[in-house]
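A single structure is presented below for examination.
The values are calculated or read from the model by the stated rules, or taken from the named source; none is laboratory data. Note that the structure is predicted; figures quoted are calculated from it, not measured. Because the Cβ atoms are built from the backbone with ideal geometry, glycine has one as well, and the counts that use them run over all protein chains shown. Keep in mind that these areas ignore ligands, DNA and RNA; they rest on the heavy atoms of the full protein, side chains included. Shrake-Rupley method; radii C 1.70, N 1.55, O 1.52, S 1.80 Å.
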Amino acid sequence: MDDDARQFDVIVLGAGAAGLMCAATAGQRGKKVVLLEHNGQPGRKILISGGGRCNFTNLHCKAENFLSENRHFAKSALAGFEPLHFVELVERYGIAWHEKTLGQLFCDGSARAILDMLLAECELGGVELVLNAHGIEVEGGGGDFRVRSSAGAFRAEALVVACGGLSIPSLGATGLGYELARQFGLAVVEPRPALVPLLLDGDEAAWTELAGVAAEVVVWIGEAKIGGRGSCRFREKMLVTHRGLSGPAILQASSYWQPGDALMLDLAPGRVVLAPLMRRGTDPIAVPRRDLAALKLALRETLPQRLAALLAEAGAPKGWSNGALEACERRLHGWELHPVGTEGFQKAEVTAGGVSTDGLQARTLEARAVPGLYFIGEVVDVTGQLGGFNFQWAWASAVAAGRAL
Ligand SMILES: Cc1cc2nc3c(=O)[nH]c(=O)nc-3n(C[C@H](O)[C@H](O)[C@H](O)COP(=O)(O)OP(=O)(O)OC[C@H]3O[C@@H](n4cnc5c(N)ncnc54)[C@H](O)[C@@H]3O)c2cc1C
């Protein structure tokens, strides 16, 4: 390692949501901080987040909104920096915002305002931001970390890894955070794409012919080969794509889905679709029409026409008795599909899995076995549901580490 390494109190790797927030927090507490980023600009994901308006937090943020091998781990950091703390910061900068739905807060204008705010906070803390820092390598440990990069060599008592996950490599995602975790002896829960469209094939490829069709559904993971994850249900829009299924409902469920699991859909939540076909009493005059055409008509009352046609063909009852129609109705509220995969890290909004929380202190995000080494944000095995939870974890974990540094 070069002798001319520049000395800092803290080196932060990755100028994304978590890295910027942590650098600002530590800098404003008087630490001399350098923030290293391999992209030519900081916070690229912030800029494209929330369709360009950044869903920067969620008012109803609880530990239940996160996936992790340790579902209690996030509680401490989340309690130390709550959604309203971030809202306070946003308001201090005069950034207009609105609640879109379900507690999701978005900027009225561009997501750039959030990035500019974080950069201004870094400036207040005297943080030195170094862009285009390629080929980062870390040596040392235990109170003396040395980092070499194309942008120079740096030395500090503390190292914060805020490199994010593997999602969207074109925006700069790499596995550096996981590599560093392994280098320092921390376990990594296998990273997997999450908040990602699911693929259909085989018999179920017929669904893709409905590309563009959307419907409100309730979706959950079936008790398939790998049990135990079937509990989370999401009532939101589903969108059929050329390759499978997407839309908020599917993205939410995808984080819980693993190969072999069935995807369960209630295609008409809260409605009894086939009521018009049911025979009531014994009056022969009152016998409703009961055939495929009548079934399609009933389905069309609730569902988009093309989806109604597919369901009528694929899910027609075995006969036209009340009992057969009831079975058909039950199937509409628990339709089983068998995704063959996901669209992968290229399309995944986040990465589930990551640095195992077993090796980290929940209050500070410091590695238990390596003093001065911290992992924050998406690189950690804490993954939020859709709706501003991932940024809230980035802010909260960053502040937890920033205060401890
Ligand atoms: C399209 C899209 C939309 C999203 N919208 C929302 C939303 O509205 N609300 C929400 O809560 N979440 C949203 N997310 C998720 C959210 O962006 C992430 O969870 C969050 O950015 C994670 O913050 P982070 O700082 O941990 O990682 P990132 O923000 O990914 O930052 C990591 C940083 O590390 C840098 N880095 C990586 N590897 C290296 C390396 N080898 N050397 C140097 N630097 C490196 C990266 O370039 C990046 O700047 C969205 C994600 C995507 C992809």
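Build a GNM of the chain with springs between Cα atoms under 10 Å: which of Gln258, Gln361, Gln305 gets the top mean-square fluctuation?
Of Gln258, Gln361, Gln305, the most mobile in the Gaussian network model is Gln305.
Considering the options Trp320, Leu115, Pro42, tell which one lies farthest towards the positive end of the dipole of the chain, charges being +1 on Lys and Arg and -1 on Asp and Glu at the Cβ, about the Cα centre.
Towards the positive end, the residue furthest out is Trp320.
Moving to a separate point now. Could you tally the net charge around His85, taking each other residue with its Cβ under 14 Å from the Cβ of His85, Lys/Arg +1 and Asp/Glu -1? Could you put the intermediate results ahead of the total?
Numbers: positive: Arg92, Arg403; negative: Glu82, Glu88, Glu91, Glu121.
Local net charge: -2.
Put +1 on the Cβ of every Lys and Arg and -1 on every Asp and Glu Cβ in the chain; which of Leu263, Tyr93, Leu307 then has its Cα farthest towards the positive end of the dipole?
Most positive-ward Cα: Leu307.
I would also like to ask the following. With a ≥ b ≥ c taken as the square roots of the eigenvalues of the C-alpha gyration tensor of region 22-103, please select rounded if a/c is under 1.5 and otherwise prolate if a/b is larger than b/c or oblate if it is not? Before the final figure, lay out the partial values.
Working: a/c = 1.44, a/b = 1.16, b/c = 1.25.
Rounded, because the longest to shortest axis ratio a/c is under 1.5.
Please work out the FRET efficiency for the pair Glu137 and Lys237, using the Cβ-Cβ distance as r and a Förster radius of 56 Å; give the result to the nearest 0.05. Please list the in-between numbers first.
Values: r = 45 Å, r/R0 = 0.80.
Approximately 0.80, to the nearest 0.05.
Putting +1 on Lys and Arg Cβ atoms and -1 on Asp and Glu Cβ atoms, find which of Val10, Ala23, Gly341 reaches farthest to the positive end of the dipole of the chain.
Working it through, the farthest residue towards the positive pole turns out to be Gly341.
If I compute solvent accessible area with a 1.4 Å probe over the protein chains, what percent of it on region 27-150 is carbon and sulfur?
On the way: 2920 of 6040 Å².
So the carbon and sulfur contribution to the accessible surface is 48 percent.
Per residue, how much accessible area does the chain show when a 1.4 Å probe rolls over the protein heavy atoms, in square angstrom? Display every interim value, and only then the final one.
Values: 17290 Å² over 405 residues.
About 43 Å² of surface per residue is accessible.
Moving to a separate point now. On the protein heavy atoms, probe 1.4 angstrom, tell me the percent of accessible surface of region 252-405 carried by carbon and sulfur. Let's see the in-between values first.
Details: 3200 of 6220 Å².
Carbon-and-sulfur percentage of accessible area, whole number: 51.
Quick one: which of Lys237/Lys347; Lys32/Lys62; Lys31/Lys75; Lys75/Lys347; Lys100/Lys296 span more than 24 angstrom between C-alpha atoms?
Lys32/Lys62; Lys31/Lys75; Lys75/Lys347; Lys100/Lys296
A further question on this structure: I want the antiparallel fraction of DSSP beta bridges within the chain, as a percent rounded to 5.
Working: 45 of 63 bridges.
Beta bridges within the chain, antiparallel portion: roughly 70 percent.
Also, quick follow-up: To the nearest Å, what is the center-to-center distance of region 160-195 and region 84-149, using C-alpha atoms only?
Region 160-195 and region 84-149 have Cα centres spaced 19 Å from each other.
Moving on to the next point. Where a ≥ b ≥ c are the square roots of the eigenvalues of the C-alpha gyration tensor, would you call region 104-213 rounded, which needs a/c under 1.5, or, failing that, prolate if a/b is larger than b/c, or oblate? Display every interim value, and only then the final one.
Numbers: a/c = 3.02, a/b = 1.56, b/c = 1.93.
Taking the square roots of the gyration eigenvalues as a ≥ b ≥ c, region 104-213 is oblate.
To the nearest 0.05, how large is the calculated FRET efficiency for Asp108 and Ala314 if R₀ is 30 Å and r is the Cβ-Cβ distance?
Details: r = 44 Å, r/R0 = 1.45.
Calculated transfer efficiency: 0.10.
So, R0 is 30 Å and r is the distance between the beta-carbons of Arg306 and Gln258; what FRET efficiency does that work out to, to 0.05? Could you put the intermediate results ahead of the total?
Working: r = 30 Å, r/R0 = 0.99.
Plugging the Cβ-Cβ distance into 1/(1 + (r/R0)^6) gives 0.50.
Give, rounded to the nearest 20 debye, the magnitude of the charge dipole that region 59-133 has about its Cα centre when Lys and Arg contribute +1 at Cβ and Asp and Glu contribute -1 at Cβ. Don't skip to the answer; put the middle values down first.
On the way: 6 positive and 11 negative charges, 57 e Å.
Value, rounded to 20: 280 debye.
Might you report the magnitude of the Cβ-based charge dipole of region 133-182 about its Cα centre, with Lys and Arg at +1 and Asp and Glu at -1, to the nearest 20 debye? Numbers along the way, then the final one.
Details: 4 positive and 5 negative charges, 14 e Å.
So the magnitude is around 60 debye.
About its Cα centre, how strong a charge dipole does region 167-320 have in debye, to the nearest 20, once Lys and Arg get +1 and Asp and Glu get -1 at the Cβ?
440
Output the relative contact order of the chain, whole-number percent, from Cα pairs under 8 angstrom with separation of 6+ residues. Can you show the working numbers first?
Values: 944 pairs, mean separation 99.6, N = 405.
After rounding, I find 25 percent.
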